[in-house]
Amino acid sequence: MWAMPSFAVSICFLTLAQAAVIALPGDPRRLRLGRLSSSWWALVPSASIVVVIGLIALYESSADALSALALVAVPPLAAIALAALVRRARPALALAAVPLFALAWGSSGSLLGDAAALGLTGLACVTLGVVLAAVVAPRWLRLGVYAMAAVDTFLVAADLLQGPNATLVAAGPPAGLPRLQAVYFGSATMGFGDLFIAAVVGALLARQRRAQVEAVALAATLGLGFDLLFFAVSLLPTTVPIAATLALLEARERRRSHQAHAAITPPAYSQPSATSKK
């Protein structure tokens with residue numbers, strides 16, 4: 001039996017796992033969901049936080065309902081991701097969701113069980129992220145990512161997230177079934193939305209055929225640095241490092257595009273004014 005790691009080790013592990021989710025999504029354009037496309041879908045990331053926190057704040061018992069919903073929805077969503085939506089997906093890989101669920105249930109409360117449940121939740125988020133990226137134009141989806149991080153930050157700063165979040169994290173289905181409405185490892189937790197935003201960014205980059213591995217490294221670096229704030233506070237909006245990763249990548253892309261445009265644009269030369277002779 002492995003010893004329970006400290007909070008510092010636990011949160012660093014979850015931060016690295018969150019960053020790694022960015023590398024998982026395949027190209028959303030394969031889904032061909034053009035008829036469902038709408039810029040309104042970009043509101044889903046931020047609305048998901050507001051709706052969940054609002055429900056729990058008004059009806060504390062809704063945390064158990066959300067836990068039950070996650071228990072039912074996460075395993076099939078993870079199987080779909082393995083079968084069709086992750087990079088190098090194969091239909092046969094969907095079967096891997098079964099042993100992951102068995103480990104999450106049979107080893108509940110252990111690091112192995114936590115890791116298996118984390119894998120299921122991360123894969124389920126990939127399915128949701130790829131579907132969202134397939135129906136929202138990239139420019140709107142970027143704004144949706146930034147809005148989610150802004151809403152998360154506001155709720156934490158206003159002390160509106162702490163109570164409902166603690167209730168949701170503590171909720172769980174009966175019979176020792178795995179808690180899949182959040183992610184747990186050792187003595188640290190992250191919200192479902194923290195992995196969801198990483199999956200959305202990964203799917204967005206995959207749609208634009210941009211390097212996801214580079215984004216993973218940047219998100220991990222920013223996330224680990226952000227974790228240092230846990231020395232001062234007990235709860236952080238861990239959507240922020242993922243949104244910051246996207247913002248930095250976009251800023252670099254715009255700078256490169258501007259430099260490339262400047263390189264191929266010939267300089268303008270002024271013509272000498274004509275003089276007339278008398």
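What follows draws every value from the coordinates through simple rules; no lab data is involved. Nothing here was measured: the structure is a model prediction, and the numbers come from that model. Reconstructed Cβ throughout: ideal geometry from the backbone, glycine too, with neighbour counts over all protein chains shown.
Mean residue ellipticity at 222 nm, helices only, the chain: -20500 deg cm²/dmol; runs of at least 4 DSSP H residues each add -39,500 (n - 2.57), and the sum is divided by the number of residues. Largest mean-square fluctuation among Ser62, Ser234, Ser107, in a Gaussian network model of the chain whose springs join Cα atoms under 10 Å apart, belongs to Ser234. Take the alpha carbon gyration tensor of the stretch 172-250, find the square roots of its eigenvalues, order them as a ≥ b ≥ c, and report rounded if a/c is under 1.5; if not, report prolate when a/b exceeds b/c, else oblate. Since a/c reaches 1.5 but b/c is at least a/b, the shape of the stretch 172-250 is classed as oblate. The modelled label-to-label distance between Val9 and Ala251, using points 7 Å beyond Cα along the C-beta direction, is 3.5 nm.
Think of the chain as having a plus end and a minus end, set by charges on the Cβ of Lys, Arg, Asp and Glu; of Ala243, Gly163, Ser10, Ala243 sits farthest toward the positive end of this dipole. If you bin all the Cα-Cα distances of the stretch 1-75 at 5 Å, starting from zero, the percentages per bin are 3, 10, 9, 13, 20, 22, 13, 6, 3, 1, 0. Put simply, the amide H of Val86, placed in the peptide plane, has neighbours under 5 Å in Gly26, leaving out anything fewer than 5 places away on its chain.
DSSP loop trypsin sites (Lys or Arg not before Pro) in the stretch 79-180 with at most 15 other Cβ atoms within 10 Å of their Cβ, which ones?
Numbers: sites: Arg87, Arg88, Arg139, Arg142, Arg179; in loops: Arg87, Arg88, Arg179.
Those that pass, being in a loop and sparsely packed, are Arg87, Arg88.
Could you work out the relative contact order of the stretch 14-256? I mean the mean sequence separation of Cα pairs under 8 Å and 6+ apart, divided by the number of residues, in percent.
This gives 33 percent for the stretch 14-256.
Could you calculate the FRET efficiency of Ala158 with Ala92 from 1/(1 + (r/R0)^6), where r is the beta carbon distance between them and R0 is 45 Å, rounded to 0.05?
Computed FRET efficiency for Ala158 and Ala92 comes out at 0.45.
Once the dipole of the chain is set up with Lys and Arg at +1 and Asp and Glu at -1 on Cβ about the Cα centre, which of Gln208, Phe154, Ala96 lies farthest towards its positive end? Looking along the dipole axis, the top candidate is Gln208.
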